[in-house]
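The values are calculated or read from the model by the stated rules, or taken from the named source; none is laboratory data. Note that the structure is a prediction, hence the values are computed from the model and not measured. Note: ideal-geometry Cβ built from the backbone for every residue, glycine included; neighbour counts use all protein chains shown. Accessible surface is based on the protein model in full, side chains and every heavy atom, while ligands, DNA and RNA are left aside. Shrake-Rupley method; radii C 1.70, N 1.55, O 1.52, S 1.80 Å.
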Amino acid sequence: MKQLIILEDIKVKYNNKTIFENISWIIEENTFITLCGKNGIGKSTLIKTILEKVPYDGVIKKENLDINKIAYLSENPNVSIVGDTVIEELRTVLKKQKYTEEEIKDKIKRIIAEFKLEKIENKLTTHLSGGEKQLVSFVKTILKNSKILILDNCFSMIDKIKKEKLIKYIKKYKQENKITIIHITNDTNDILYSDIMAILTEKELISGKIEDILKKESDFKENKLELPFMVDLSNKLKYYDLMDKPIYELDKMVNHLWK
């Protein structure tokens, strides 16, 4: 796969305090990466470093990648909400892409149906709940058609069922559009939808394929991270010889046990 971003020996300091150092990382195209780490370890700072919004030592290479092709969505939805109503929020993004009025109407209609925004489409953005604002901010970010999509704990106010549907949508969207997703989250259950997992520790960045990282339970314990529920359950069932290999999807697990 093509390498999009390369970090070499990155070090960041705030007020003479080292946030992290010796961080090297290769981000490849068309991958879904989940970045985890204990609270306060510097995950968001690492992302801001990639975006060159904080000073750093080391080398960051962006292989012919336009910085404007990277879309970043933070946990705070108020940063990106600018319109009076939800429809106006969506319209603002589409207008910047120079669609015709007819195309904008058609796209907005499809978006509202796909994300089930009918109940809030004409609602004032100042009257939206935190979860509704995060959903609208996410939809706006998707509409930008970026090469890299960075989601920084941006579903924290959305309930578990809706969040799971959104992450499934992201996985499908990534496959269809051949883009790179970096999802920063405090919920390790989210990693099961990604291809790559990265754990930011106090000493290094551990990164690898999901199936390889999940085998290293010690990495989770050392960094105060819980194993995803389905992984923990699979490990226990395998220990008691109730299954031969791990199953991480709930429906498949139920079918296996039912047999």
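Taken along its principal axes, the alpha carbon cloud of segment 53-160 reaches lengths of 48, 33, 23 Å, longest axis first. When restricted to Cα atoms, the chain yields an Rg and a Dmax of 19.8, 61 Å, respectively. Normalising the average separation of contacting C-alpha pairs (under 8 angstrom, six or more residues apart) by the number of residues puts the relative contact order of the chain at 25 percent.
Rolling a 1.4 Å probe over the protein heavy atoms of segment 72-156, with every protein chain left in place, gives an accessible area that is 49 percent carbon and sulfur. Among the GluC sites (Glu not before Pro) found in segment 1-108, those both in a DSSP coil and sparsely packed, with 13 or fewer other Cβ atoms within 10 Å of their Cβ, are Glu52, Glu63. Listed cross-link partners Lys17/Lys62; Lys13/Lys98; Lys43/Lys252; Lys174/Lys216; Lys140/Lys252; Lys133/Lys203 are compared with a 31 Å cut-off, the Cα-Cα value being larger for Lys13/Lys98; Lys43/Lys252; Lys140/Lys252; Lys133/Lys203.
Rounded to the nearest 20 debye, the dipole size of the chain about its Cα centre is 420 debye, using +1 on the Cβ of Lys and Arg and -1 on the Cβ of Asp and Glu. Our note on the geometry: Cα centres of segment 190-214 and segment 1-79, 15 Å apart.
Entry comment: accessible area of the chain is 58 Å² per residue, from protein heavy atoms only and a probe of 1.4 Å.
Sorting His127, His256 by accessible area puts them as His127, His256; the probe is 1.4 Å, largest comes first, and only protein heavy atoms count.
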